[in-house]
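Worksheet: the structure to be examined is printed underneath.
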Amino acid sequence: MAAAATGRHDLAIETFRHLLREVPTSRIKLEMARSLYAVGQYEESLKLFQSVYNAPNIPQAVKRNILPYMEEVELRIMRVRYGIRAITDSNPSRVADGGTIFFNGIPLEFQPPAPKEISYGVEPWLSVEKLWKTGLLTKFYGSARLFENKDLVAGRFHLAIARQASGIPGLYTQVSVDSEVSDDNSYALPSVEAWKRFRISDAAGIGVGGQIGYMSAENEDISGGFYRPYTFGDWTFLPNATAFAKVELEHLNSRNEYYTYVAPKVDFGLAIKAGQFNLAPQLSLTRTRFTQYDAFWSLNRKDITTRPALTISHDSLEWKGIKPEINIFYERRNSNVGIYEYNQMGGFVSFRKLY
């Protein structure tokens, strides 16, 4: 350990190899993993970090300290993740039920623009990330939602270059482009984002950030400036339970004020380990207010969207690094304009590559 502390990592690695044959403790594995990382032997370093992280009876504080090392080592190699989701959705078009609506006391028959029916599909996805010697982190994420109904088919892509600010630990900046390609709702959102995380203790942390960009949509009336300040945090209050939350304020300033909105959003949930089960109940609440007064309805449209969800996985269900995961959700939008209300229920069965 003294050799590692003075930068003589080659000597330290040989010493640690000898010690591991005699006393293979987690402490020695961690010290050896750090030395291997320092000399660029990333693959062996990652294996040692993972063996300690997955060992039984490792304190949560130690796991939290190991995670940043594991992530950085894996990113140096190139982290590739991929998977596929089987999708079922009771209302994928997010349309209201047809029926009678009243305008100034006059009954009008309303039919939704798309049928409300159960649909099934698949969503393959790919994620590639790499941390370069220059300190730049490049990220790519792509997915395709494939349904029998071609109107529901969509592709989503995310390209980003991020970097930690020099001299300010925990501060990150990012330039990115998010895009979606679909039959009638294609857009691209280039943006700049910055965030900083503050460590409160071994068990808790908070962060703040913000994103600013420009939405360029196929429907030019929707295009406009996009702003999103946010704050987030997590707290491991039990060895097997972590609470997490995020609060954000999304604003789109469209060319046509009819589409301009302000939407505060709250997400919170728990990550719980019960035996070999991993459970993550989560609730999302969004209040969307459109700024333009609608002369037809004689009001400003206001929506409240609620989405409870539950994700379940099991440690023993894994095959060559591929792990299944189940997610079920219910989503409901209430609005002061009835034709914009909807509810949907669905779920995903995901198969994702862990390493």
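Miscellaneous remarks
- Taking the stretch 309-347 as the range and being in a strand (DSSP E or B) and aromatic (F, W, Y) as the test, the residues that pass are W319, F329, Y330, Y342.
- Residue in the stretch 185-193 that is of a type in the set (F, W, Y) and more than 29 Å from F351 (Cα to Cα) present: no
- Residues located in the stretch 328-350, provided they are in contact (Cβ under 8 Å) with a residue 24 or more places away in the chain and under 12 Å from I87 (Cα atoms): M345, G346, G347, F348, V349, S350
- None of P229, P239 is touching a helix residue (DSSP H, G or I) at 6+ places or on another chain (Cβ under 9 Å) and of a type outside the set (K, R) except P239.
- The stretch 284-335 - residue that is in contact with a Phe, Trp or Tyr (Cβ under 6 Å, 6 or more places away or on another chain) and among the hydrophobic types (A, V, I, L, M, F, W, C) and, of those, nearest to S350 (Cα to Cα): I322
- Wholly enclosed helices (runs of 4 or more DSSP H) of the stretch 4-114 bearing at least 2 residues buried (at least 18 other Cβ atoms within 10 Å of the Cβ) and modelled with pLDDT of 80 or more: 26-38, 42-53, 60-77
- Test: residue in the stretch 289-308 that is closer than 28 Å to E74 by Cα, in contact with a strand residue (DSSP E or B) (Cβ under 7 Å, 6 or more places away or on another chain) and not in a loop (DSSP other than H, G, I, E, B): no
- Residues (surrounded by 16 or more Cβ atoms within 10 Å (Cβ to Cβ), out of contact with any Ser or Thr (no Cβ under 6 Å at 6 or more places or on another chain) and not hydrophobic (A, V, I, L, M, F, W, C)) located in the stretch 235-272: K246, E248, E250, H251, Y259, G269
- Matching residues in the stretch 211-222 - criterion: being touching a Lys or Arg at 6+ places or on another chain (Cβ under 9 Å), surrounded by 18 or more Cβ atoms within 10 Å (Cβ to Cβ) and within 24 Å of A162 (Cα to Cα): Q211, G213
- Matching residues in the stretch 127-143 - criterion: being more than 16 Å from the chain's Cα centre (by Cα) and at pLDDT 95 or above: T138
- Scanning the stretch 223-234 for residues that are crowded, with 17+ Cβ neighbours inside 10 Å, in a strand (DSSP E or B) and hydroxyl-bearing (S, T, Y) returns a single hit, Y230.
The values are calculated or read from the model by the stated rules, or taken from the named source; none is laboratory data. In this text, all values refer to a predicted model and were calculated from it rather than measured experimentally. Cβ sites come from the backbone with ideal geometry, for glycine too, and all protein chains shown count toward neighbours.
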